[in-house]
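S.K.: Submitted below is the structure of interest, expressed as structure tokens.
The values are calculated or read from the model by the stated rules, or taken from the named source; none is laboratory data. From a predicted model like this one, the values you see are computed outputs, not experimental measurements. Cβ: placed from backbone, ideal geometry, glycine included. Neighbour counts: every protein chain shown. The accessibility values were calculated without ligands, DNA or RNA, using every heavy atom of the protein model including side chains. Shrake-Rupley method; radii C 1.70, N 1.55, O 1.52, S 1.80 Å.
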Amino acid sequence: MPKSTDRLIVGNWKMHGFSAALAEISALATALAAGEPPRCIVVICPPATLLAEASRLGSMAGILTGGQDCHPALSGAHTGDLSAAMLKDAGASYVIVGHSERRADHGETSELVRAKAEAGLTAKLIPIVCVGETLAERDAGRAETIVLDQLDRSLPDDAAGRKVVVAYEPVWAIGTGRTPTDADIAAMHLAIRQYLVTRFGAAGQDLSILYGGSVKPANARTILAIANVDGALVGGASLLASDLTRIISAV
Ligand code: PGA
């Protein structure tokens, strides 16, 4: 049966990139135009300072953009924050919410993540809701319990209809060069799929589940071939167009 989920490669630039980094978007656009059409949706989530220009450059090559976070409110007295509607206004189509770095650095709870995801939906963005266990939780045999509990509390109720993307990112695999075994990724993605189908019915079958954590050109093909892995959320290896192009062509 053909897959009905969207395949996605999402680059998360985190707090990397000054205006010179926009050249990587142009380079990616050139590389994608020169090769086979990508078999996936390509999304770059740059720092917010670059979002408008990245969106403009990307739109000429079918590259979409996203924010890395948003405030749950539409607007208001929240110094330093950005609303989902502002990201949309700057050209974004997606917004990452609940990345483990925000859960850790800013004490974000799953309830807050859910409010942010709902704000994303209201602004007509597709929230990419991140979940993942720490190494201690995995070692204690609690990885699946933790991840499913995070999903339960972080995902909005109207996630069906491909309006939300789930990203499974084991915290200990992010930026470390370490990845779970293929069997561990397969087991977690299957557990997530079963959870989504239980909660959303048949629509849960269509939601994309990304894997994130040390995805690079050397391991992308293997990881992307695992059942229920519908794409990747890529940090470090998304900063250079040359690396990201190789990951995109591995889909
Ligand atoms: P990494 O980051 O690819 O550098 O491990 C992934 C992420 O944090 O989304």
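S.K.: Quick check on the range 92-105: of everything there that is more than 10 Å from the ligand (Cβ to nearest atom) and open to solvent by 10 Å² or more (accessible area, probe 1.4 Å), which residue is nearest to Ile126 (Cα to Cα)?
M.R.: Among residues in the range 92-105 that are more than 10 Å from the ligand (Cβ to nearest atom) and open to solvent by 10 Å² or more (accessible area, probe 1.4 Å), the one nearest to Ile126 (Cα to Cα) is Tyr94.
S.K.: Looking at Glu169 and the list (1) more than 13 Å from the ligand (Cβ to nearest atom); (2) closer than 20 Å to Ala117 by Cα, which single condition is not satisfied?
M.R.: Result: Glu169 fails condition (1) only.
S.K.: Condition check: open to solvent by 40 Å² or more (accessible area, probe 1.4 Å) and out of contact with any strand residue (DSSP E or B) (no Cβ under 7 Å at 6 or more places or on another chain). Does Ala33 satisfy that?
M.R.: Yes; evaluated as a whole, the condition is true for this residue.
S.K.: Which of the residues belonging to the range 154-166 are surrounded by 14 or more Cβ atoms within 10 Å (Cβ to Cβ) and more than 16 Å from the ligand (Cβ to nearest atom)?
M.R.: Across the range 154-166, the qualifying residues are Leu155, Pro156, Ala159, Ala160, Arg162, Lys163, Val164.
S.K.: Also, I was wondering about something else. Six or more apart or on different chains, Cβ atoms under 7 Å: show the pairs whose first residue is in the range 58-69 and in contact (Cβ under 8 Å) with a residue 40 or more places away in the chain and within 24 Å of Cys130 (Cβ to Cβ) and whose second is open to solvent by less than 40 Å² (accessible area, probe 1.4 Å) and among the small types (Gly, Ala, Ser).
M.R.: Filtered contacts from the range 58-69: Gly66/Ala92; Gly66/Ser93; Gly67/Ala92.
S.K.: Sticking with this structure for a sec: Tell me which residues, restricted to the range 222-251, are touching a Ser or Thr at 6+ places or on another chain (Cβ under 9 Å) and surrounded by fewer than 20 Cβ atoms within 10 Å (Cβ to Cβ).
M.R.: Selection gives Gly236 alone.
S.K.: Okay, moving on. Does the range 190-215 hold any residues that are over 20 Å from Gly141 (Cα atoms), of a type in the set (Ser, Thr, Tyr) and either away from the ligand (no atom under 16 Å from the Cβ) or in a helix (DSSP H, G or I) (or both), and which are they?
M.R.: Thr198
S.K.: Can you pull out every residue in the range 127-162 that is touching a residue at least 60 places away in the same chain (Cβ under 8 Å) and under 19 Å from Ala84 (Cβ atoms)?
M.R.: Ile128, Cys130, Arg162 - these are the residues of the range 127-162 that are touching a residue at least 60 places away in the same chain (Cβ under 8 Å) and under 19 Å from Ala84 (Cβ atoms).
S.K.: If I ask for residues that are closer than 20 Å to Leu190 by Cα, touching a helix residue (DSSP H, G or I) at 6+ places or on another chain (Cβ under 8 Å) and in a loop (DSSP other than H, G, I, E, B), which ones from the range 118-155 would you list?
M.R.: Result: Gly132, Glu133, Thr134, Leu155.
S.K.: Working only within the range 187-243, note down all residues that are closer than 19 Å to Ser154 by Cβ, of a type in the set (Ser, Thr, Tyr) and over 14 Å from the mean Cα position of the chain (by Cα).
M.R.: Hits for the range 187-243 are Tyr195, Thr198.
S.K.: Would you say Glu108 is of a type in the set (Asp, Glu) and either surrounded by fewer than 16 Cβ atoms within 10 Å (Cβ to Cβ) or assigned to a helix (DSSP H, G or I) (or both)?
M.R.: no
S.K.: Restricting the range 3-14 to residues that are open to solvent by 50 Å² or more (accessible area, probe 1.4 Å) and out of contact with any helix residue (DSSP H, G or I) (no Cβ under 9 Å at 6 or more places or on another chain), which is modelled with the highest pLDDT?
M.R.: Result: Asp6.
S.K.: Please go through (1) in contact (Cβ under 8 Å) with a residue 40 or more places away in the chain; (2) within 16 Å of the ligand (Cβ to nearest atom) for Glu108 and return the number of the only condition it doesn't satisfy.
M.R.: Unmet condition: (1).
S.K.: Those residues that are among the β-branched types (Val, Ile, Thr) and within 12 Å of the ligand (Cβ to nearest atom), I need them from the range 221-240; list them, please.
M.R.: Matches in the range 221-240: Ile223, Val234.
S.K.: So which of Ala218, Ala187 is within 15 Å of the ligand (Cβ to nearest atom), in a helix (DSSP H, G or I) and open to solvent by 30 Å² or more (accessible area, probe 1.4 Å)?
M.R.: Ala218 is the lone residue from the list that is within 15 Å of the ligand (Cβ to nearest atom), in a helix (DSSP H, G or I) and open to solvent by 30 Å² or more (accessible area, probe 1.4 Å).
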